[in-house]
1. Determine if the stretch 440-451 includes at least one residue that is in the same structural domain as residue 295 (by TED's automatic domain parsing), surrounded by fewer than 16 Cβ atoms within 10 Å (Cβ to Cβ) and either at pLDDT 95 or above or not in a helix (DSSP H, G or I) (or both).
2. Among the residues of the stretch 422-431, is there at least one that is assigned to a loop (DSSP other than H, G, I, E, B) and either closer than 27 Å to residue 339 by Cβ or at pLDDT 95 or above (or both)?
3. Among the residues of the stretch 329-344, is any outside any strand (DSSP E or B), modelled with pLDDT of 90 or more, under 18 Å from residue 503 (Cα atoms) and under 39 Å from the mean Cα position of the chain (by Cα)?
4. Test residue 305 against the criterion of being closer than 30 Å to residue 471 by Cα, assigned by TED's automatic domain parsing to the domain that holds residue 539, buried (at least 22 other Cβ atoms within 10 Å of the Cβ) and touching a strand residue (DSSP E or B) at 6+ places or on another chain (Cβ under 9 Å), and give yes or no.
5. Test residue 175 against the criterion of being surrounded by fewer than 18 Cβ atoms within 10 Å (Cβ to Cβ), at pLDDT below 95 and touching a strand residue (DSSP E or B) at 6+ places or on another chain (Cβ under 6 Å), and give yes or no.
6. Give the residue, chosen from 345, 350, that is over 22 Å from residue 607 (Cα atoms), surrounded by 22 or more Cβ atoms within 10 Å (Cβ to Cβ) and touching a strand residue (DSSP E or B) at 6+ places or on another chain (Cβ under 7 Å).
7. Looking only at the stretch 178-209, how many residues end up being modelled with pLDDT of 80 or more and under 28 Å from residue 84 (Cβ atoms)?
8. Condition test on residue 395, is it more than 24 Å from the chain's Cα centre (by Cα), over 20 Å from residue 525 (Cα atoms) and outside any helix (DSSP H, G or I)?
């Protein structure tokens, strides 16, 4: 009996132990299941809840990559700068902190006190402290033991050359977004990576906690791609310096200049005035940000006659020696077209027509060619379509619809009116003439590189089409060279170098095409050199200058100064003065210099411009007219013995007090 009771007790104890063990295993399984539910099934959700209640996620952008010129000189870089913040919870004496901090960072005490009054654990005080301010504040923190102040690294876009190439570069706005120029066009490539970081915040205000800011990762270099431009910083500086001089001397509304390599289409310089500083773009009005070189539309005037001449030569409408009679003024339907002086040049060759930019003869040539040919060759030279350059705002310009072209429109288009172009379109067209008739696509980005130098993209020169044949091109180049050596563009001439080009003076069009603006002009010059092997095309446009407004008088000399400096900088060897050559033909067999003959300057007093020009040229000199009407003075004086081929400056004055005004539909030009 006792044995049975003992065995029963043992069985009961064993059962109790088994039950306890079972309950323990069950509890363990329940706990493991709960752990699995919390950590695995609901882990992400709960972690997110913790983040939302104890902090927040910030997106941090790694530094933006650099923009450099063709020689690797930095044009836009990203600096890692110190930004100052304050922990209001750790401020012991707000007035003391504000009083000592304010003068060091150029802020008012009231502004700092407002930051402290916001409370919480983190408030920005000032972004992007200059180095001197950062060091001064750091010294203050050390001396006063201000553990309420701290710094955080932030990237800031910086343009080390300030104004240089600002319209090409553009600038960066808020949230690292590129605005205007290359910064906008290649925003995706220049940007670095976005990194997500978690910042602990306080419970009441949601402000970042001080220690959490210190735990954020430091920048370790840009992950973006470097953009290498075709721009040459030195060429750009030379051009911009020339534009600054124009703004002082001629006081225009605006001015633009472009330098291009005609063989490749590379842009070596592109500049506008007025301009802005991309480091402080917010201080300038928005109209200063746009790049006029690619977006400004205007009637080109006589510079467009290069295209008309090319078309006429190619279609065998003219030859360089074809003879014209210039009546001085012609009527086409209800429209009058006159020369710049309102007078006749008499019997002239087509070479003279180009050299002296004779409107009446160009109108005749245009009428002989017709609308079809004018429009066809305008399109061949790239007008009426965007150039394809890698910049926003690349305008197409405006050409007539063929059905809207009648004799008056044909005649005015032939002298460079009734068509709108951009400066870059004109440079591209003249570059085709400098490039044996081949039209190249202009480009301004040479390549894109990774940090390790790996090339991601490289731009190759691209021929868009052949505008004219090589034979036609050579004949045209010879005439354009005479424009600079002895014609209306002589002020662009540089001793020892062969330069070809064309000037233009066009009356400005009113908004919405409502006629022309009386007394408002655009002066321009576009030329290339050296003629025997062109390396440079230089374009200068002066919008609405004060005083003298003729392209030959104010734009050509600026181009000449630019050419002079570029020849030196690029080590372009002199080709010799074409007037000193045994043969004046480009590429002639003999280039041996000879002694220039001398001649006696004739007396042209009392003559009109046409008669004076014929008299001076017959004596072996070149005319540089000043004013309109009858010749009243000249320099050198009549009878002076000087070298033939040199320029005689003649002053013309009107016989009447008020000279006749040009017809509004076809403004006169002087080139």
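The values are calculated or read from the model by the stated rules, or taken from the named source; none is laboratory data. Quick caveat, the model's predicted, so the values are computed rather than measured. Counting neighbours? That spans all protein chains shown, and the Cβs are built from the backbone with ideal geometry, glycine included.
1. Yes: the stretch 440-451 contains one or more residues that are in the same structural domain as residue 295 (by TED's automatic domain parsing), surrounded by fewer than 16 Cβ atoms within 10 Å (Cβ to Cβ) and either at pLDDT 95 or above or not in a helix (DSSP H, G or I) (or both).
2. yes
3. First, pick out the residues of the stretch 329-344 that are outside any strand (DSSP E or B): 333-334, 339-344.
Filter once more, keeping what is modelled with pLDDT of 90 or more: none.
Checked against the condition, which is being outside any strand (DSSP E or B), modelled with pLDDT of 90 or more, under 18 Å from residue 503 (Cα atoms) and under 39 Å from the mean Cα position of the chain (by Cα), the stretch 329-344 yields no hits at all.
4. When the stated conditions are applied, residue 305 passes them.
5. On the way: surrounded by fewer than 18 Cβ atoms within 10 Å (Cβ to Cβ): yes; at pLDDT below 95: yes; touching a strand residue (DSSP E or B) at 6+ places or on another chain (Cβ under 6 Å): no.
For residue 175, the condition - surrounded by fewer than 18 Cβ atoms within 10 Å (Cβ to Cβ), at pLDDT below 95 and touching a strand residue (DSSP E or B) at 6+ places or on another chain (Cβ under 6 Å) - is not met.
6. It is 350.
7. Residues that pass the stated criteria total 5.
8. Working: more than 24 Å from the chain's Cα centre (by Cα): no; over 20 Å from residue 525 (Cα atoms): yes; outside any helix (DSSP H, G or I): yes.
So residue 395 does not fit the description; no.
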